[in-house]
Amino acid sequence: TRPLRIAPSILSADFARLGEEVTAIISSGADYVHVDVMDGHFVPNISFGAPVMKSVRPLTDAVFDVHLMIAPADPYLADFAKAGADIITVHAEAGPHLHRSLQAIRGLGKKAGVALNPATPVSAIQHVIDDCDLVLVMSVNPGFGGQSFIPESLNKIRQAKALIGNRDIDLEVDGGVTADNAREIVAAGANVLVAGSAIYAGNDPSTYASRIKAIRDAATG
Ligand code: DX5
Ligand code: ZN
């Protein structure tokens, strides 16, 4: 089984103190920094872009896990690679040439991820699975933090796990993840858990370690 990774989403961070919010989650036991990029076009919200990510990148050696909710994505892949992304995930729905996007990410020397919206079947990525380093199952409709986990996502996670088989591919779940559902999400096959509001709510760094530990403990049963 693949190592469990906890990936707090800085979408729920206090942007006025973004640097401290990044270092706080890493010193509190998080594995990845999940970076939610939204364009107000592919999703109905705008977050931030590569320059903002670049400004906090030097603060930690942790993996920057960049989730691009933008269309088109291809013109911006090099920007995010240069800004210090380690994993770049594009949405399967974001453009007509997913294979090209995944190849472009690997060509930049980064790990290539593909995300599936709640209504998108796992079969959408069947023919590009060997071009992926990470599959991201969205368990809410992308665009906002703080939404509730869609229960049907558990079936999707199982199907994605079956498609991945024993390939060297991470299975990430994003949206509504909490200590209460982490166990069943991991049991369904996920090994990377994104959590925004469950970690950052209240933006009090003194709470982050216990919240990350609660998710990790729940996930590892
Ligand atoms: C949703 C984003 C998520 C979101 C998660 O569009 O991709 O990463 O920030 O937030 P929570 O954990 O609050 O659902
Ligand atoms: Zn995300």
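Is it true that Asp174 is out of contact with any Lys or Arg (no Cβ under 7 Å at 6 or more places or on another chain) and away from ligand 2 (no atom under 16 Å from the Cβ)?
no
Leu98 versus (1) closer than 22 Å to Gly189 by Cβ; (2) without any contact (Cβ under 8 Å) to a residue 60 or more places away in the chain; (3) within 16 Å of ligand 2 (Cβ to nearest atom): which is the lone unmet condition?
For Leu98, the exception is condition (3).
So in region 144-157, with the set limited to residues that are away from ligand 2 (no atom under 14 Å from the Cβ) and surrounded by 15 or more Cβ atoms within 10 Å (Cβ to Cβ), which one is nearest to Ile199 (Cα to Cα)?
Ile150
Would you point out the residue of region 177-221, among those that are in contact with a helix residue (DSSP H, G or I) (Cβ under 6 Å, 6 or more places away or on another chain) and of a type in the set (Lys, Arg), that is surrounded by the most Cβ atoms within 10 Å (Cβ to Cβ)?
This residue is Arg211.
Those residues that are hydrophobic (A, V, I, L, M, F, W, C) and more than 16 Å from ligand 2 (Cβ to nearest atom), I need them from region 113-143; list them, please.
Ala119, Val122, Ala124, Ile125, Val128, Ile129, Cys132
Looking at Lys110 and the list (1) within 16 Å of ligand 1 (Cβ to nearest atom); (2) closer than 23 Å to Ala124 by Cα, which single condition is not satisfied?
Failed condition: (1).
Within region 60-69, is there a residue that is of a type outside the set (Lys, Arg), over 14 Å from the mean Cα position of the chain (by Cα), in a loop (DSSP other than H, G, I, E, B) and over 21 Å from Pro8 (Cβ atoms)?
Scanning region 60-69, I find no residue that is of a type outside the set (Lys, Arg), over 14 Å from the mean Cα position of the chain (by Cα), in a loop (DSSP other than H, G, I, E, B) and over 21 Å from Pro8 (Cβ atoms), so the answer is no.
With a cut-off of at least 3 residues that are touching a strand residue (DSSP E or B) at 6+ places or on another chain (Cβ under 7 Å), name the helices (runs of 4 or more DSSP H) lying wholly within region 94-197.
Because the criterion is at least 3 residues that are touching a strand residue (DSSP E or B) at 6+ places or on another chain (Cβ under 7 Å), the helices (runs of 4 or more DSSP H) in region 94-197 that meet it are 98-107, 153-164.
Here is a list: Val122, Val140. Which entry is within 15 Å of ligand 1 (Cβ to nearest atom) and β-branched (Val, Ile, Thr)?
Only one candidate passes the filter, namely Val140.
Quick one: is Leu59 without any contact (Cβ under 8 Å) to a residue 60 or more places away in the chain and either within 16 Å of ligand 1 (Cβ to nearest atom) or aliphatic (A, V, I, L, M) (or both)?
Yes: the conditions hold for Leu59.
What are the pairs, 6+ residues apart or on separate chains, where a residue within region 38-54 that is free of Cβ contacts under 8 Å to residues at least 60 places away in the same chain and among the aliphatic types (A, V, I, L, M) has its Cβ under 7 Å from a residue that is surrounded by fewer than 16 Cβ atoms within 10 Å (Cβ to Cβ) and not in a loop (DSSP other than H, G, I, E, B)?
Ala50/Asp79
Do we have Gly202 as in a loop (DSSP other than H, G, I, E, B), touching a Ser or Thr at 6+ places or on another chain (Cβ under 7 Å) and within 14 Å of ligand 1 (Cβ to nearest atom) here?
no
Could you count how many residues in region 35-53 are in contact with an Asp or Glu (Cβ under 9 Å, 6 or more places away or on another chain), under 19 Å from Gly84 (Cα atoms) and not in a strand (DSSP E or B)?
Residues that pass the stated criteria total 5.
Quick check: is even one residue across region 72-79 in contact with an Asp or Glu (Cβ under 7 Å, 6 or more places away or on another chain), surrounded by 14 or more Cβ atoms within 10 Å (Cβ to Cβ) and under 27 Å from Ala30 (Cβ atoms)?
No, region 72-79 contains no residue that is in contact with an Asp or Glu (Cβ under 7 Å, 6 or more places away or on another chain), surrounded by 14 or more Cβ atoms within 10 Å (Cβ to Cβ) and under 27 Å from Ala30 (Cβ atoms).
A short reminder: the numbers here are calculations on the coordinates, not readings from a lab. Owing to the predicted nature of the structure, the values given are computational and were not obtained by experimental measurement. Here the Cβ is made from the backbone with ideal geometry for all residues, glycine too, and neighbour counts use every protein chain on show.
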